[in-house]
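Data block below; observations after.
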Amino acid sequence: MTIKTGPSLAGVTVRELHTTEECVAAELLLAGVWGTPPHAPPIPADLLTSLLHSGGCVLGAFAGEAVVGLTVGVAGAPGSDSLYSMVAAVAATHAGRGIGLALKQTQRLWALERGAATMVWTFDPLVRRNAHFNLNRLGARVTDYRKDFYPPMNDLVNRADHTDRLVVTWHLADPAPLAPPEDSGPRVLDQDAQGEPLVTGAPADPVLLAWVPPDIETMRREDPAKARRWRLASRTVLARGWTAGYRPAGITAEGCYLLRQEQAA
């Protein structure tokens, strides 16, 4: 499958990888995005090659011959109609051009052509831009919250942090992107005058708001202790809310998760 994007994406083409050389280029891309040594990328070239050989979804975004984006997916259990998306990445040199959206939409078409109905992946709830992309733009729905979903990770993006994740499910036949929801309801997570996390009580309103910092990744590099405080504060709020039936239903323009209480069946 090959889909060539429009002029706004500077001629980037999204297609399956074809050669071991392209897998090596994709390996180096992942190492650069996650800040790992070239010999220790999140997904090595040999595994990408094996995934391709076994029929897995390994799609690259190409600017000419250069791999500038990648997404990888694997099927669920035998007979499953779900694709699990392992990774999606865009080189920093090409960020902000819509390449991530092109990758996900191509991955969606790839999955639909092979009979999949849903796609599942995880993301860090503190990375605000990913929340907006996954929930507001794609219309994926949060289906689980996991504390320390992964073992400790040593890349520059996740080093020395807990690996809490939101799990999302994307209904491929009829995705329903959302406009950023408007602020409504009390804030249960906010910042104080020093930018420190401020956790309030546990009101019983049907909608609650939980603010997250605009750039947690820079905060991790410049002030890891503060970033850890934000991790633990968000964990308190999300875990408490999840137990009480509140589910993240989007993120506002001001950076607040809209936590909506689901009605008991």
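List of remarks:
- When residues of the range 205-248 are limited to those that are more than 12 Å from Pro125 (Cα to Cα) and of a type in the set (S, T, N, Q), the one most open to solvent (accessible area, probe 1.4 Å): Thr243
- Of the listed requirements (1) open to solvent by 40 Å² or more (accessible area, probe 1.4 Å); (2) among the hydroxyl-bearing types (Ser, Thr, Tyr); (3) under 22 Å from Gly250 (Cα atoms), Thr93 misses just one: (3).
- Test: residue in the range 213-236 that is under 23 Å from Val157 (Cβ atoms), in contact with a Phe, Trp or Tyr (Cβ under 7 Å, 6 or more places away or on another chain), at pLDDT 95 or above and of a type in the set (Gly, Ala, Ser): no
- The range 192-204, subset at pLDDT 90 or above, over 26 Å from Val157 (Cβ atoms) and not aliphatic (A, V, I, L, M), residue surrounded by the most Cβ atoms within 10 Å (Cβ to Cβ): Thr200
- The one condition in (1) among the small types (Gly, Ala, Ser); (2) at pLDDT below 95; (3) open to solvent by less than 50 Å² (accessible area, probe 1.4 Å) that Ala10 fails to fulfil: (3)
- Residue match in the range 37-50 (condition: acidic (Asp, Glu), assigned to a strand (DSSP E or B) and open to solvent by 30 Å² or more (accessible area, probe 1.4 Å)): no
- Candidate set from the range 96-123 (those that are of a type in the set (D, E, K, R) and under 24 Å from Gly255 (Cα atoms)); member that is surrounded by the fewest Cβ atoms within 10 Å (Cβ to Cβ): Arg97
- The range 135-191 - residue that is of a type in the set (Asp, Glu), farther than 27 Å from Pro203 by Cα and in contact (Cβ under 8 Å) with a residue 24 or more places away in the chain and, of those, surrounded by the fewest Cβ atoms within 10 Å (Cβ to Cβ): Asp155
- Check on Leu126, closer than 20 Å to Glu217 by Cβ, touching a residue at least 60 places away in the same chain (Cβ under 8 Å), open to solvent by less than 40 Å² (accessible area, probe 1.4 Å) and within 18 Å of the chain's Cα centre (by Cα): yes
- Qualifying residue in the range 92-101 (condition: outside any helix (DSSP H, G or I) and in contact with a Leu (Cβ under 6 Å, 6 or more places away or on another chain)): yes
- Pick from the range 17-46, criterion aliphatic (A, V, I, L, M), free of Cβ contacts under 8 Å to residues at least 40 places away in the same chain and in contact with a helix residue (DSSP H, G or I) (Cβ under 9 Å, 6 or more places away or on another chain), ranking: farthest from Thr106 (Cα to Cα): Ala40
- If you go through the range 68-90 and keep only what is open to solvent by 20 Å² or more (accessible area, probe 1.4 Å) and not polar (S, T, N, Q), you end up with Val74, Ala75, Gly76, Ala77, Pro78, Gly79, Asp81, Tyr84, Met86, Ala88, Val90.
- Filter result for Ser54 (closer than 23 Å to Ala116 by Cβ and modelled with pLDDT under 95): yes
- Any hit, the range 72-79, residues being under 20 Å from Thr13 (Cβ atoms) and in contact with a Ser or Thr (Cβ under 9 Å, 6 or more places away or on another chain): yes
The values are calculated or read from the model by the stated rules, or taken from the named source; none is laboratory data. Here the structure is a predicted model, which is why all the values come from computation and not from measurement. Don't worry about glycine lacking a Cβ; one is built from the backbone with ideal geometry, like all the others, and counts go over all protein chains shown. These area figures cover heavy atoms from the full protein model, side chains too; ligands, DNA and RNA do not enter into them. Shrake-Rupley method; radii C 1.70, N 1.55, O 1.52, S 1.80 Å.
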